[in-house]
Amino acid sequence: MKRVTLSGIFSRMMSAQPLVTLAVDIGGTGLKMLCLDAEGKALTERLRVPTPDPPTPGRLLAGLDTLRAKMPAFDRVSVGYPGVIKRGVVLTAANLNPRWIGFPLQSALQKRWKKPVRVANDAAVQGYGAISGRGVEMIITLGTGMGSALYTDGRLCPGLELGHHPWLKKTYEDYLGLRGLKKYGKKKWNKLLRKAVAQTAATFNWDHLYLGGGNTKLVTLQFRPNVTIVSNLDGLLGGVALWRDESQDQPVAGRP
Ligand code: BGC
């Protein structure tokens, strides 16, 4: 006879219900939120407030509370954070505040909102919303910082931080993040982007590259069909996929 386990009953109950995921994107300039249905389709409008200054954990979580108060009921939460996350804890905060380093974002939000929470790198979440799940796929996000994530057949290889990798005379992010855009101007920034795309093709041999993030609206380059610009909304739409990929370096809700 098949053994019936409590976790089996729990997961069947969960899959029978229309799960609502609250998707959160923490950015260097804006905090964004919307609710998604079980298939990852938007159920609400995307709400945004500016990232508080200074963006300390306390002030930023208070900003998230403000947005959350405007959202309908939800069952679980997915968060895209602009830095390295391991087991729900923040390890880097290049474009936020140093007080984030070591902050247990996942458990803090879980306690605050009393719902299961998963936290991952923002570019990784954005990529989940864009990829096809076939072959080697990469996303590069162009916003305040430069995000990057790599997938093979839909599974994330967590922890890639290409933005801080040395390139030319500085790092990729120095040239292609907001500081680089301001320093070099749109025309030169586009030339640098073309070079960077060619460099990543030679380094990672991706089958498909996605470019995301707010500053893609300034891209004037023409690419081959296996390089596509994706909508900024994907930053949040990937929130449901984050709960599907068990290769995530995240504790699964309900597991000790
Ligand atoms: C961070 C990345 C992040 C990117 C975009 C970079 O500075 O190191 O982890 O994905 O900015 O927010």
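The values are calculated or read from the model by the stated rules, or taken from the named source; none is laboratory data. Small disclaimer: the values here were computed from a predicted structure and weren't measured. For neighbour counting, all protein chains shown are included, and Cβ atoms are generated from backbone atoms with ideal geometry for every residue, glycine included.
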>> Can you confirm whether Leu64 is touching a Ser or Thr at 6+ places or on another chain (Cβ under 8 Å) and either assigned to a loop (DSSP other than H, G, I, E, B) or not hydroxyl-bearing (Ser, Thr, Tyr) (or both)?
In response: no
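Would you mind finding the one in Glu173, Glu161 that is farther than 20 Å from Leu233 by Cβ, under 15 Å from the mean Cα position of the chain (by Cα) and at pLDDT 95 or above? I'd like the intermediate steps shown before the answer.
On the way: Glu173 fails: under 15 Å from the mean Cα position of the chain (by Cα).
Going through Glu173, Glu161 in turn, just one is farther than 20 Å from Leu233 by Cβ, under 15 Å from the mean Cα position of the chain (by Cα) and at pLDDT 95 or above: Glu161.
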>> Within segment 239-246, does at least one residue satisfy the condition of being at pLDDT 95 or above, surrounded by fewer than 19 Cβ atoms within 10 Å (Cβ to Cβ) and touching a strand residue (DSSP E or B) at 6+ places or on another chain (Cβ under 9 Å)?
In response: no
>> Can you tell me which condition Tyr81 does not meet? The list is (1) within 16 Å of the ligand (Cβ to nearest atom); (2) hydroxyl-bearing (Ser, Thr, Tyr); (3) over 19 Å from Gly213 (Cβ atoms), and all the others hold.
In response: (3)
>> Of everything in segment 216-231, what is within 13 Å of Leu176 (Cα to Cα) and in contact with a helix residue (DSSP H, G or I) (Cβ under 6 Å, 6 or more places away or on another chain)? Give them in sequence order.
In response: Leu218
> Among (1) within 16 Å of the ligand (Cβ to nearest atom); (2) within 24 Å of Val77 (Cβ to Cβ), where does His165 come up short?
Replying inline: (2)
> Do you know which of the residues in segment 85-109 that are of a type in the set (A, V, I, L, M, F, W, C) and in a loop (DSSP other than H, G, I, E, B) is farthest from the ligand (Cβ to nearest atom)?
Replying inline: Phe103
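Return yes or no: is Trp189 outside the structural domain of Arg76 (by TED's automatic domain parsing), modelled with pLDDT of 95 or more and crowded, with 19+ Cβ neighbours inside 10 Å? Please lay out each step first, then the result.
Numbers: outside the structural domain of Arg76 (by TED's automatic domain parsing): yes; modelled with pLDDT of 95 or more: yes; crowded, with 19+ Cβ neighbours inside 10 Å: yes.
Criteria met by Trp189.
Taking segment 110-123 as the search range and keeping residues that are within 14 Å of the ligand (Cβ to nearest atom) and out of contact with any helix residue (DSSP H, G or I) (no Cβ under 6 Å at 6 or more places or on another chain), which one is nearest to Trp206 (Cα to Cα)? Even if it seems obvious, please write down each step before you answer.
First, pick out the residues of segment 110-123 that are within 14 Å of the ligand (Cβ to nearest atom): 119-123.
In the following step, the residues that additionally are out of contact with any helix residue (DSSP H, G or I) (no Cβ under 6 Å at 6 or more places or on another chain) were identified as 121-123.
On the way: Asn121: 20, Asp122: 20, Ala123: 16 Å.
Checking each candidate, the answer is Ala123.
Looking at Ala149, is it free of Cβ contacts under 8 Å to residues at least 60 places away in the same chain and not in a strand (DSSP E or B)?
Working: free of Cβ contacts under 8 Å to residues at least 60 places away in the same chain: yes; not in a strand (DSSP E or B): no.
Here the answer is no, as Ala149 does not meet what is asked.
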>> So Met33 passes all but one of these: (1) more than 14 Å from the chain's Cα centre (by Cα); (2) modelled with pLDDT of 90 or more. Which condition number does it fail?
In response: (1)
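Inspect segment 219-229 for any residue being polar (S, T, N, Q) and within 16 Å of the ligand (Cβ to nearest atom) and give the result as yes or no.
From segment 219-229, those polar (S, T, N, Q) are 220, 222, 226, 228; that's our starting set.
Still in the list and also within 16 Å of the ligand (Cβ to nearest atom): none.
Taking every residue of segment 219-229 in turn, none turns out to be polar (S, T, N, Q) and within 16 Å of the ligand (Cβ to nearest atom).
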> What tally of residues in segment 124-146 results from selecting those that are out of contact with any His (no Cβ under 6 Å at 6 or more places or on another chain) and either part of a loop (DSSP other than H, G, I, E, B) or more than 15 Å from the ligand (Cβ to nearest atom) (or both)?
Replying inline: 9
> Can you tell me which residue in segment 147-157 is farthest from the chain's Cα centre (by Cα), limited to those that are under 21 Å from Gln199 (Cβ atoms) and more than 9 Å from the ligand (Cβ to nearest atom)?
Replying inline: Thr152
